[in-house]
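Only one structure is covered here, and it is reproduced in the block below.
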Amino acid sequence: MGMTMTQKILAAHAGLEAVTAGQLIWADLDMVLGNDITAPVAIEAFEKTRHKEVFDRDKIALVPDHFTPNKDIKAAENSLKLRNFARQQAITNYFELGEMGIEHALLPEKGLVVAGDVVIGADSHTCTYGALGAFSTGIGSTDMAAGMVTGKCWFRVPSALRFNLTGRLKDFVSGKDVILHIIKLIGVEGARYQSMEFTGEGIGNLSMDDRFTIANMAIEAGAKNGIFPVDGLTRAYIRDHGSRAGKVYEADGDALYEAVHEIVLDDIEPTIAFPHLPDKGRVFGEFGEIAIDQVVIGSCTNGRLGDLRAAARILKGRKIARGLRLIVFPATQKIYLDAMKEGLLEIFIEAGAVVSTPTCGPCLGGHMGVLAKGERALATTNRNFVGRMGHPESEVYLASPEVAAATALAGVIADPRKIMGGSHE
Amino acid sequence: MNKAGRVFKYGDNVDTDVIIPARYLNTTDHKELASHCMEDLDESFAREVAPGDYILAGSNFGSGSSREHAPIAIKESGVAVVIARSFARIFYRNAINIGLPIMECPEAYEGIEAEDRIRVDLTQGTITNLTKGEVYQTHPFPEFMQALIEAGGLMAYIKTWEGK
Ligand code: SF4
């Protein structure tokens, strides 16, 4: 019986000819990631062992991004713990404020993940790197600590769901709509313990930013990982960013999938996930007027340059609705700088937005835009759980940068195609 | 065999944001995390839970973030075993890695009510409802995971581990 792409990568990293779904294996790790929330817990666990040194100082990435710039004293102390550990262990990939960014945008940008890698991160959205043809998955702090000691992680080999993409997205529809559509289709635990493997000629019509967004939210369907095949675009991305070449794995022709879903990209509409789960997707026409207090554009899901461009295209020369707050947070310093050079930041500020330094900030209700009781946000982030952005009685609606920009202008959840008046330039 | 304890019962999709809200993630202090456990869902939980009690939940328990603060807060509260119809995957592995036993058992979710007293046997995979006099059978833990739990979690397990 053939193996899926994920199973092939795992087998190779476990030193096995073949693996099958359900098998428990130990796999070698190419990268171990942690942030300012999860790494301190892992560091404490690491320090309790008899090990003085991490398994490989080049294969650990530490990114203070959640509560940074430090929002309070406790956050500052956690960041300090990260910094001290990085110094003491001479960790190559520690990113201080000024060079950091949101971890899942930063690692691919810095070339730290390439095709064929096995990556664990003490952050659930580590699955983002599946866009590059790597196996990457979120784990907890103890896995991170054990990974830093041994360079290995235990896995139960996942079975897979296949999503066969065909066609091309319409204007003002993007990767976020694809993944919100898929999660609506299969539900928040539709892919639990499984891989989501994307295939089909439609992938060739998706930008790398779209693929990152799609892989990023695999976890919102409960998946262990989401993974894309490696094509010319992936190779170019890795060449432009990476220092390593990567290794391309392909699923066997007779690989076993638990189910195959046909996704026609042309049919996908702008999709908005209603409170309080990412699978509560609806399309325009299925809901009435919903007033919004705050729009957030950014995060590891949609804080890349392509996302900012998509929003700026709609906001250009326009003003956001009175009484609405628009917060834009580019995902990394490089994206921030590129957006500045391209004049995107100017477009945002002139439209009435605030532009934040790269941070997770509002995405997890941490800082830089926390919601009050009864407030409603529309965000390009990935989770709309109860209390995710602040008060337990606030609400979060998830959408694409295009819908977010249109909503900021209208003050109610708005269709970018209407706002742009059919002027599909 | 665990001792008898009281059941705290919750619904589907209890996510890590309600198990331990992000606003408390600026600490790693176990006691402080436990004092806010389940706060946004059940404000009385942290006050009422006693060592040896059980959490029983529906599908997809622990969905959301990878924060180990969630199983840590539950373990530190004294909860002996979390039983659910199903678990989100990161929570599943985090719980095993820190030595918090968990069990998937849809029948237990149907049969057991909040406040019932139950007793659990992990090696046999049995859950006994002392209040109703019923027994629910589920899969015993895979050997590898039982070894992790018995060792006291992943860190203790790799101590004795000479490379694999
Ligand atoms: S941006 Fe949001 S989802 Fe992404 S890593 Fe930060 S907190 Fe998590």
Find how much the distance from residue A:340 to residue A:290 grows on full extension, using 0.36 nm per residue of separation minus their present alpha carbon separation; answer in nm with one decimal. 14.8 nm
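Order the peptides A:28-35, A:161-168 from the highest to the lowest mean number of other Cβ atoms within 10 Å of their residues.
A:28-35, A:161-168
Stretch residue A:185-residue A:92 to full length: gain in nm at 0.36 nm per residue minus the Cα-Cα span? Before the final figure, lay out the partial values.
On the way: separation 93, 0.36 × 93 = 33.48 nm, distance 4.15 nm.
Length gained, residue A:185 through residue A:92: 29.3 nm.
Once Rh is set to the Kirkwood radius over Cα pairs, what Stokes-Einstein translational diffusion coefficient, in µm²/s, holds for the range A:63-185 at a temperature of 37 °C and a viscosity of 0.692 mPa s? It would help to have the intermediate numbers written out before the result.
Working: Rh = 16.9 Å.
Rounded, D is 194 µm²/s.
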Work from the charge dipole of the range A:254-367 (Cβ charges, +1 for Lys and Arg, -1 for Asp and Glu, about the Cα centre) and give the residue of A:257, A:272, A:344 farthest towards its positive end. A:344
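Relative contact order of chain A, please, whole-number percent, based on alpha carbon pairs below 8 angstrom and at least 6 residues apart.
On the way: 1077 pairs, mean separation 74.2, N = 425.
Computed value for chain A: 17 percent relative contact order.
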Cross-link partners of residue B:132 among lysines (Cα-Cα below 25 Å; sequence separation of 8 or more within a chain): B:3, B:9
Principal axis box of the range A:132-176, alpha-carbon based, largest edge first, Å: 48, 24, 15
For the range B:1-138, with every protein chain kept in place, what is the accessible area per residue (1.4 Å probe, Å²)? 33
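What is the range B:14-117's relative contact order, in percent, from Cα pairs under 8 angstrom and six or more apart in sequence? All intermediate terms of the calculation are to be shown ahead of the outcome.
Details: 196 pairs, mean separation 28.1, N = 104.
About 27 percent, as a whole number.
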So, taking all protein chains as they sit and a 1.4 Å probe, how much accessible area belongs to residue A:304, in Å² rounded to tens? 10
Principal axis box of the range A:151-281, alpha-carbon based, largest edge first, Å: 40, 35, 29
When all C-alpha to C-alpha distances in the range A:1-113 are sorted into bins of 10 Å, what percent of pairs does each bin hold, rounded to whole numbers? 13, 37, 28, 17, 5, 0
How much of the accessible area of chain A, in percent, comes from carbon and sulfur atoms when a 1.4 Å probe is used? 49
If you put +1 on each Lys and Arg Cβ and -1 on each Asp and Glu Cβ, how big is the dipole of the range A:105-212 around its Cα centre, in Debye rounded to 20? 200
Kindly report, to the nearest 10 Å², the accessible surface of residue A:54 as traced by a 1.4 Å probe over protein heavy atoms only. 20
Just to be sure I understand: with springs between alpha-carbon atoms less than 10 Å apart, which residue in A:335, A:186, A:238 has the highest mean-square fluctuation in the Gaussian network model of chain A? A:186
Can you report the principal axis dimensions of chain B using only the alpha carbons, biggest first, rounded to whole angstrom? 43, 38, 24
Residue mean of other protein chain beta carbons inside 10 Å, B:82-93: 5
Please pull out the direction-averaged projected area of the range A:216-353, using the convex hull of its alpha-carbon atoms, in nm² to one decimal place. 11.9
Suppose only helical runs count, i.e. DSSP H with n ≥ 4. What mean residue ellipticity at 222 nm does that imply for chain A under -39500 (n - 2.57) per run, divided by all residues and rounded to the nearest 500 deg cm²/dmol? -8500 deg cm²/dmol
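Inside 10 Å of the C-beta atoms of A:377-389, what's the mean count of C-beta atoms belonging to other chains?
On the way: counts 0, 0, 0, 0, 0, 0, 6, 0, 10, 7, 9, 7, 2.
Mean inter-chain Cβ contacts per residue within 10 Å come to 3.
If you take the accessible area of A alone plus B alone and subtract the pair, what total do you get in square angstrom, rounded to 100, with a 1.4 Å probe?
On the way: alone 16260 and 8100 Å², together 20510 Å².
For A against B, buried area totals roughly 3900 Å².
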All lysines inside 17 Å of residue A:48 as judged from Cα atoms, apart from same-chain residues fewer than 8 positions distant: A:81, B:159
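Which whole number gives the average count of other chain Cβ atoms within 10 Å of the Cβ atoms across peptide A:122-132? If you can, show how the numbers build up before the last one.
Details: counts 6, 4, 10, 2, 2, 0, 0, 0, 0, 0, 0.
So the per-residue partner count for this stretch is 2.
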Using alpha-carbon coordinates alone, the radius of gyration and Dmax of the range A:107-156 in Å work out to 10.6, 29
Can you list which of the GluC sites (Glu not before Pro) found in the range A:304-362 are DSSP loop residues with at most 15 other C-beta atoms within 10 Å? A:342
Under a GNM of chain A (C-alpha, springs under 10 Å), which listed residue has the highest mean-square fluctuation: A:251, A:399, A:379? A:251
Looking at the protein assembly as shown, send over the antiparallel percent of its DSSP beta bridges, to the nearest 5. 30
Does the range B:54-112 come out rounded, prolate or oblate by the C-alpha gyration tensor, with a ≥ b ≥ c the root eigenvalues, rounded set by a/c under 1.5 and, if not, prolate when a/b is larger than b/c and oblate if not? oblate
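For the range A:55-119, report the accessible area per residue in Å² (1.4 Å probe, heavy atoms, rounded to an integer).
Values: 2300 Å² over 65 residues.
That works out to 35 Å² per residue.
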Restricting to aspartates and glutamates and to Cα separations under 18 Å from residue A:334, and discarding same-chain partners fewer than 8 apart, the set is A:65, A:96, A:99, A:103, A:109, A:209, A:240, A:307, A:342, A:346
Cut-off 10 angstrom, C-alpha nodes, Gaussian network model of chain B. Which of B:23, B:47, B:85 fluctuates the most? B:23
Out of residues 5 or more away from residue A:117 or on other chains, whose amide H comes under 5 Å of its own, with H placed 1.01 Å from N in the peptide plane? A:135, A:247
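Write down Rg/Rh for the protein assembly as shown, rounded to two decimals, with Rg from the C-alpha atoms and Rh from the Kirkwood relation over Cα pairs.
Details: Rg = 22.8 Å, Rh = 24.0 Å.
Across the protein assembly as shown, the Cα-based Rg/Rh ratio is 0.95.
Any idea what the dipole of the protein assembly as shown comes to, in debye rounded to 20, about its Cα centre with Lys/Arg Cβ at +1 and Asp/Glu Cβ at -1?
Details: 60 positive and 76 negative charges, 196 e Å.
Magnitude of the dipole: close to 940 debye.
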Span from the the range A:9-87 Cα centroid across to the the range A:281-358 one, whole angstrom: 32
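The values are calculated or read from the model by the stated rules, or taken from the named source; none is laboratory data. Predicted model, so just to flag it, every value in this text is computed and none were measured. Positions of Cβ are backbone-derived with ideal geometry, glycine not excepted, and every protein chain shown enters the neighbour counts. The protein model used for the area step is the full one, side chains on, heavy atoms only, and it has no ligands, DNA or RNA in it. Shrake-Rupley method; radii C 1.70, N 1.55, O 1.52, S 1.80 Å.
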